[in-house]
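Below is one structure; the comments refer to it alone.
The values are calculated or read from the model by the stated rules, or taken from the named source; none is laboratory data. All of these numbers come straight from a predicted model, not from anything done at the bench. Cβ placement follows ideal geometry from the backbone for every residue including glycine, while neighbour counts extend to all protein chains displayed. In case anyone asks, the SASA skips ligands and DNA or RNA and just uses the protein heavy atoms, side chains included. Shrake-Rupley method; radii C 1.70, N 1.55, O 1.52, S 1.80 Å.
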Amino acid sequence: MQYKGHAYINTIGCQMNVYDSEKLAAILNALGFHPTRDMDKADIVVCNTCSIRHKAEEKAFSFLGRFAKEKQKKPYLLTVMAGCVAQQEGKNAFKRLPHLDLVLGTQAFSRFGQHIAALQSGRRQIVDTGPADGFFEIMPDTADFCENQVSKFVTIMQGCDNFCTYCVVPYVRGSERSRAWESIVEEIRILADSGIREVTLLGQNVNSYGRKEGGISFARLLEKVAGVEGICRIRFATSHPKDLSSELIQAMTDLDKVCSHLHLPVQSGSDKILKKMNRGYTRDIYLSRINDLKKACPGIGLSTDIIVGFPSETRTDFNDTMSLLTEVQFDSIFAFAYSDRSSAPAAKFADQVKEKEKMDRLNQLLALQDQVTENINKKVKGQVVQVLVEGVSTRLHEKFVKTSDKMKQMTGRTASNKIVHFPSDTSGIGDLVDIKISDAYLHSLWGRPLERLTP
Ligand code: 5AD
Ligand code: SF4
């Protein structure tokens, strides 16, 4: 029997979860559950969860918790916990969520359809945290595409073998495996044919793409993707500093479509902490990679991830992280207070830092980065940048509203990943437009179009 109904999917966590949720949505759609943004209309609710920090995990439990009551009113409602928390908790999830119907681990996604069928025939409290049967991949169904979408994520590898001591990923997502380049390119071709202009290639450590399988390198994969007609921008995340090769830096300079932006998580500026984190590089090695990048790609946009308050981090270690921010001049950072994860080794490390101290350090770090970002953005004032138009801006700039009241305010991004707003009646979503920047703020740039470049 084919089920008819609506599916509500809540995605918590990283870009990879966003990608996985789209694939789960495709499976549900094929089974007759059509996507809805209205939770009250749902016949099935899926929460694709993240366990990287305690807060994300709690968010998943609290979201799914609210359906205990809902199920009393709607006994046919199916509830699913998918992804990293599901993998980590297994059947323990039922202790806090007895009304849950399915716990679907990170490597069980390909079996989602068969578990739904079992639920439909009356089974309850199904748990699947078993291993993957091949690389989970479903080609995009272009019929489901949101109109006017410009950019899509494409997962190129799953899992991680790095075992940074604070991180749950190797435990919840399994060991690293790369997808065949042919199917990556096929997926991107389908996306391009339906109007997608930008892809972001995703993996925990894209620099080691294909290494285990003996396939082509990540730099060569970029070349293949750059060959797909219709795609004008390629981004990727995440790069690991220890594996950032000169071959990749060369590919970034040689391939016009590869955006001049790199997200290179440093985590800490202290050698002592980097060692305890098992990151496999020192502060000097990191800084020398950054230097190579800046030399090879002048004007490159740089971003990073930082953890403050890792066990045994002293004020001196923290100051090393602060000074690294000043030295590198990142365009933006993602900063986190260290969150104890019982399955990661650092949970057992001595000298845990007090919560209040972690928060103080986090706020200090973010305040410093705000200054750095604002200064970098100010330097773009007066420059002409190329923007890929993503949509109509939800933010209005008083100056532009006054001078061009009837014009639409559009928004897009530079290759270096900065958000730009501008007034225009002629630029459409997916266009590449040259914008002269007139105002620069902490979170955005504002300007006016010079001319339309490509349709
Ligand atoms: N606590 C805080 N931040 C963490 N991250 C990973 N694990 C933890 C943790 N236990 C951060 C790292 C990583 C980003 C995705 O999340 O900075 O790069
Ligand atoms: Fe986690 Fe380290 Fe792997 Fe990144 S490289 S996913 S931080 S273990």
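Structural remarks
- Criterion applied to ALA42, ALA82 was being at pLDDT 95 or above, open to solvent by less than 30 Å² (accessible area, probe 1.4 Å) and touching a His at 6+ places or on another chain (Cβ under 6 Å), and the one residue passing it is ALA42.
- When residues of the range 327-342 are limited to those that are away from ligand 2 (no atom under 16 Å from the Cβ) and assigned to a loop (DSSP other than H, G, I, E, B), the one most open to solvent (accessible area, probe 1.4 Å): GLN329
- Reported count of residues in the range 103-116, each being within 17 Å of ALA7 (Cβ to Cβ) and touching a residue at least 60 places away in the same chain (Cβ under 8 Å), is 4.
- Only one entry in ARG179, ARG189 is more than 16 Å from ligand 1 (Cβ to nearest atom), among the charged types (D, E, K, R) and within 16 Å of ASP20 (Cα to Cα), namely ARG179.
- Take the conditions (1) within 21 Å of MET322 (Cα to Cα); (2) within 16 Å of ligand 1 (Cβ to nearest atom); (3) surrounded by fewer than 21 Cβ atoms within 10 Å (Cβ to Cβ); ASP243 misses just one of them, which is (1).
- Of all residues assigned to the range 195-213, none qualifies as being away from ligand 2 (no atom under 16 Å from the Cβ), over 28 Å from ARG413 (Cβ atoms) and without any contact (Cβ under 8 Å) to a residue 12 or more places away in the chain.
- Any chance GLY90 is surrounded by fewer than 21 Cβ atoms within 10 Å (Cβ to Cβ) and among the small types (Gly, Ala, Ser): yes
- Number of residues in the range 358-387 that are open to solvent by less than 50 Å² (accessible area, probe 1.4 Å) and not in a helix (DSSP H, G or I) equals 3.
- Residue count, the range 264-274 (criterion: more than 14 Å from ligand 2 (Cβ to nearest atom) and part of a helix (DSSP H, G or I)): 2
- Considering the range 412-455, the qualifying strands (runs of 3 or more DSSP E), each wholly inside and each with 1 or more residues that are open to solvent by 40 Å² or more (accessible area, probe 1.4 Å) and modelled with pLDDT of 95 or more, run over 419-423, 432-440.
For every residue, the table says whether it meets (1) modelled with pLDDT under 95; (2) in contact with a His (Cβ under 9 Å, 6 or more places away or on another chain).
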site: GLY134; (1), (2): yes, no
site: VAL154; (1), (2): no, no
site: VAL172; (1), (2): no, no
site: LEU202; (1), (2): no, no
site: VAL206; (1), (2): no, yes
site: ALA226; (1), (2): no, no
site: CYS232; (1), (2): no, no
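- Qualifying residue in the range 180-199 (condition: under 30 Å from TYR338 (Cβ atoms), among the charged types (D, E, K, R) and at pLDDT 95 or above): no
- Candidates GLN204, GLN149 - the one that is within 19 Å of ARG235 (Cα to Cα) and either within 16 Å of ligand 1 (Cβ to nearest atom) or part of a helix (DSSP H, G or I) (or both): GLN204
- Within the range 159-172, being in a loop (DSSP other than H, G, I, E, B), open to solvent by 20 Å² or more (accessible area, probe 1.4 Å) and more than 11 Å from ligand 1 (Cβ to nearest atom) holds for ASP161, PHE163.
- Number of the condition not met by GLY83 [criteria: (1) outside the structural domain of LEU31 (by TED's automatic domain parsing); (2) within 16 Å of ligand 1 (Cβ to nearest atom); (3) among the small types (Gly, Ala, Ser)]: (1)
- Contact map, the range 411-433: residues that are of a type in the set (Phe, Trp, Tyr) paired with residues that are buried (at least 18 other Cβ atoms within 10 Å of the Cβ), Cβ distance under 7 Å, separation 6+ or inter-chain. Pairs shown: PHE422/MET410; PHE422/ILE435; PHE422/TRP446; PHE422/GLY447; PHE422/PRO449.
- ASP128 being open to solvent by 60 Å² or more (accessible area, probe 1.4 Å), away from ligand 1 (no atom under 16 Å from the Cβ) and either without any contact (Cβ under 8 Å) to a residue 60 or more places away in the chain or within 17 Å of SER194 (Cβ to Cβ) (or both): no
- The sole residue among LEU324, LEU293 that is under 15 Å from GLY269 (Cβ atoms), touching a residue at least 24 places away in the same chain (Cβ under 8 Å) and surrounded by 15 or more Cβ atoms within 10 Å (Cβ to Cβ) is LEU324.
- Among the residues of the range 173-190, those identified as open to solvent by less than 40 Å² (accessible area, probe 1.4 Å) and part of a loop (DSSP other than H, G, I, E, B) are ARG173, GLY174, GLU176, ARG179.
- For LEU102, the conditions (1) surrounded by fewer than 15 Cβ atoms within 10 Å (Cβ to Cβ); (2) outside the structural domain of LEU202 (by TED's automatic domain parsing) are fulfilled apart from (1).
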